[in-house]
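The structure under discussion appears below in the form of structure tokens.
The values are calculated or read from the model by the stated rules, or taken from the named source; none is laboratory data. On a predicted model such as this, the values are computed, not experimentally measured, just so you know. Ideal geometry is used to build each Cβ from the backbone, glycine not excepted, and the neighbour counts take in all protein chains shown. Please note that ligands, DNA and RNA were not included when accessible areas were found on the heavy atoms of the full protein model with its side chains. Shrake-Rupley method; radii C 1.70, N 1.55, O 1.52, S 1.80 Å.
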Amino acid sequence: MTRGSTLPAHRLSPLSGRLAIPAQTRTSPAPPPDGFNGADDDEAHRTLLACLRSLRWARRIADHRPYPTLDALLAASDEAAYDLSPGDLAEALAAESLAGLPEDAYGAAYMALDAAHAAYEARFGHAFVICLDGVPVDEALDRVLEGIRSRLTNDPEDERVVAAEELRRLARQRLVASVRGTGL
């Protein structure tokens with residue numbers, strides 16, 4: 001059995017000898033992090049350790065310089081963060097501290113945050129970490145308290161995975177700020 005065409009034949013309109021090619025837009029990649037690429041080893045390590053206190057993570061990123069673009073540097077940061085061993089993760093978490101509150105936060109907010117953080121530290125043995133990238137300042141306290149409360153129900157292994165992801169996001173955010181903000 002043969003099937004017949006259900007669509008009429010398509011005819012191309014004459015284009016005066018030219019092919020119609022749709023316009024393509026290219027987004028140019030972020031420029032290379034030249035300051036970071038050219039920094040001496042000690043300065044690069046200091047910059048990286050300010051982003052995430054893992055010696056292995058910092059060494060791995062610094063040793064693979066130069067990076068052609070900021071995106072390549074961030075991809076390397078992500079990959080190195082995904083490869084953190086439990087010991088590397090413990091090292092990085094030990095150096096973290098609770099995010100500060102806005103100056104106009106009221107006293108009860110400080111008490112609530114301190115109590116929630118103490119409960120979290122007692123359960124998991126390390127500081128609560130959360131990346132608030134893109135969260136408006138006036139919502140940060142609520143987001144932190146909500147995060148602590150919801151994550152207190154995690155079992156320790158699940159929370160280790162969540163904390164590692166939050167550290168990765170924090171390192172990425174800090175690295176972008178450092179490279180863009182200080183000219184590194």
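What the table below lists for this structure:
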item: Meets criteria (of a type in the set (D, E, K, R), assigned to a loop (DSSP other than H, G, I, E, B) and modelled with pLDDT under 90) for Asp104; result: yes
item: Test: residue in the range 94-101 that is within 24 Å of Leu55 (Cα to Cα), in a helix (DSSP H, G or I) and open to solvent by 80 Å² or more (accessible area, probe 1.4 Å); result: yes
item: Arg169 closer than 30 Å to Pro68 by Cα, of a type in the set (D, E, K, R), surrounded by 16 or more Cβ atoms within 10 Å (Cβ to Cβ) and in contact (Cβ under 8 Å) with a residue 40 or more places away in the chain; result: no
item: Residue in the range 35-48 that is open to solvent by less than 30 Å² (accessible area, probe 1.4 Å), at pLDDT 95 or above and either part of a helix (DSSP H, G or I) or among the aromatic types (Phe, Trp, Tyr) (or both) present; result: yes
item: Cβ pairs under 8 Å, 6+ apart, first in the range 148-164 and without any contact (Cβ under 8 Å) to a residue 12 or more places away in the chain, second outside any helix (DSSP H, G or I) and open to solvent by less than 70 Å² (accessible area, probe 1.4 Å); result: Val162/Asn154
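This table checks each residue for (1) of a type in the set (D, E, K, R); (2) out of contact with any Leu (no Cβ under 8 Å at 6 or more places or on another chain); (3) at pLDDT below 90; (4) assigned to a helix (DSSP H, G or I).
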position: Ala109; (1), (2), (3), (4): no, no, yes, yes
position: Ala122; (1), (2), (3), (4): no, yes, no, yes
position: Val129; (1), (2), (3), (4): no, no, no, no
position: Glu139; (1), (2), (3), (4): yes, yes, yes, yes
position: Asp142; (1), (2), (3), (4): yes, yes, yes, yes
position: Glu157; (1), (2), (3), (4): yes, yes, no, yes
position: Arg160; (1), (2), (3), (4): yes, no, no, yes
position: Ala171; (1), (2), (3), (4): no, no, no, yes
position: Arg174; (1), (2), (3), (4): yes, no, no, yes
